[in-house]
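Structure first, commentary second.
All of the numbers you see were taken from the coordinates with simple rules; none came from a lab. Worth saying up front: this structure is predicted, and the values here are computed from it rather than measured. Heads up, the Cβs are rebuilt from the backbone with ideal geometry, glycines too, and the neighbour counts pull from every protein chain shown.
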Amino acid sequence: MTSGNLAFAEAMRQINPDVVAAYPITPSTEIPMKFAEFVADGRVDTEFIAVESEHSAITACVGASVSGARVMTASSANGVALMHEIFPIAAAFRAPIVFGLVNRSLGAPVNIHCDHSDSMPERDSGWIQIYCEDAQEVYDTVILSVRLAEHPDVRTPVFICQDGFITSHCYEPVEFLSDEAARGFAGTYERAYPLLDVDNPVSYGSFVMSEDYFEIKRNQIEGLNNVPRVYGETMRELAALTGREYGAVERYMTDDADYVVVVMSSATGVAKDVVDSLRREGVRAGCLRVRVFRPFPADEVREALEGKLGVAVLDRSASPGGVAPLAAEVKSALYDCETRVPVKDYIFGLGGRDFFPSDARRVFDDLSSGNFEPGVRYIGLRDKCAAAEECVI
């Protein structure tokens, strides 16, 4: 039995990265704290850099990565926000950092519980984003992501997201690989264009004019475009080793479903349980979990949802003044369908508010009502206009 945080730290120990630079922040603190114990006990050879802020942590990670080191770190919430300036730089430098992002709300007001308002602002920073449902998936994804990020066709940093406290601190059974198997799967890191290769000098952080900038960014984008292929190949290798396989999306009873809920991370289990109950009642319900959010698996989402009578997209973050992130991506993916798929937007769970089976059932009831008037629906909101705990604006 272990938690999502400790599963992440154990995978780090097995991989034995060259450098970890980190600064503690709830609820990700356990990851660098436990890994620091491994360093102190001599169980890894890692250079652990204790810095004075999250900004310094990610800066040290980028410097170490471009110098040729295998690098990992973790953070949450306002710590992630403080790192924001450096994230696009890490992606543009093609620094394959593996980052444990334990999702927590952004202040103000101060709240230490889960929503996705810390990771979603980074969706266009050029990083891969993978959202895990449980601790087992966190562990397996760390092992996978080292290979994925470092692949010569990708060379892109990756966020491994898990829900704060819900996944990060709750204990559940996790099957670990042996140290030999985990390190063997990760392999030896061969950095392209390391800064410390004095026989082949390179430059990072140079000033670039418009004559070259566009081409550099286009090349960077290709790294993300290669992720689906490399992810699939690497995942099949990992599945052969572990017996566990995770697609970019998970389709749960969607093939013949009339109504489908689209969701990410730990809330998926609640939605699946309600789908099971509704199926026993004769309702053709389904659940689609988006696991890889960046690059967004538009083709797979469209294939799963085309022809449905109604789709509900559940976002655990808001986009004030705009469409919530997951809903925006799903609607974009469905734009090219021959027949319009009705989609409803829902926001839930901000600041760690619980998502209950009764909430998921109300979403399916709302879908079957046939009312697809525009507007965002809030699940579990206590508000004057929140009839049956739901508000339409």
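Some points to look at:
- Rotationally averaged projected area of region 13-83 (alpha carbon convex hull; nm²): 4.3
- C-alpha long axis of helix 4-15 to longest principal axis of the chain, angle in °: 30
- Helix axis angle, 210-225 relative to the chain longest principal axis, alpha carbon, degrees: 70
- Neighbour-count order for Leu82, Leu326, Leu148, Leu381, fewest beta carbons within 10 angstrom listed first: Leu381, Leu82, Leu148, Leu326
- Each stretch of four or more DSSP H residues adds -39500 (n - 2.57); spread over every residue of the chain, this sum gives -11500 deg cm²/dmol at 222 nm.
- Sorted by Cβ neighbour density within 10 Å, fewest at the top, the residues Ser119, Ser358: Ser358, Ser119
- Electrostatic tally near Arg43: other residues with Cβ closer than 12 Å to its Cβ, Lys and Arg +1, Asp and Glu -1, net -3.
- Region 4-242, relative contact order [Cα under 8 Å, separation at least 6], %: 22
- Computed from backbone phi, the HN-Hα couplings of region 187-197 come to x, 8, 7, 10, 6, 7, 6, x, 5, 8, 7 Hz, rounded to whole numbers (Karplus: 6.51 cos²θ - 1.76 cosθ + 1.60, θ = phi - 60°; Gly and Pro given as x).
- The lysines within cross-link reach of Lys217, meaning a Cα-to-Cα straight distance under 27 Å and a gap of 8 or more places when in the same chain, are Lys331.
- Neighbour counts of other Cβ atoms within 10 Å put Thr46, Thr188 in the fewest-to-most order Thr188, Thr46.
- Sequence-separation-based contact order of region 249-392, relative, with Cα cut under 8 Å and 6+ spacing, percent: 23
- Global geometry of region 249-392, whether rounded, prolate or oblate, following the gyration tensor of its Cα atoms and the 1.5 cut on a/c: rounded
- For the chain, the longest principal axis of the alpha carbon atoms and the long axis of helix 325-334 meet at an angle near 70°.
- When the Cα atoms of the chain are aligned to their principal axes, the ranges along those axes come out at 67, 52, 45 Å in descending order.
- GNM result for the chain, Cα springs below 10 Å: residue of Tyr139, Tyr213, Tyr335 fluctuating most strongly: Tyr213
- Each Lys and Arg contributes +1 and each Asp and Glu -1, all at the Cβ; summed about the Cα centre of region 4-242, the dipole is approximately 220 debye.
- Global size of region 329-373: 13.1, 38 Å for Rg and Dmax (C-alpha atoms, Rg to one decimal, Dmax whole).
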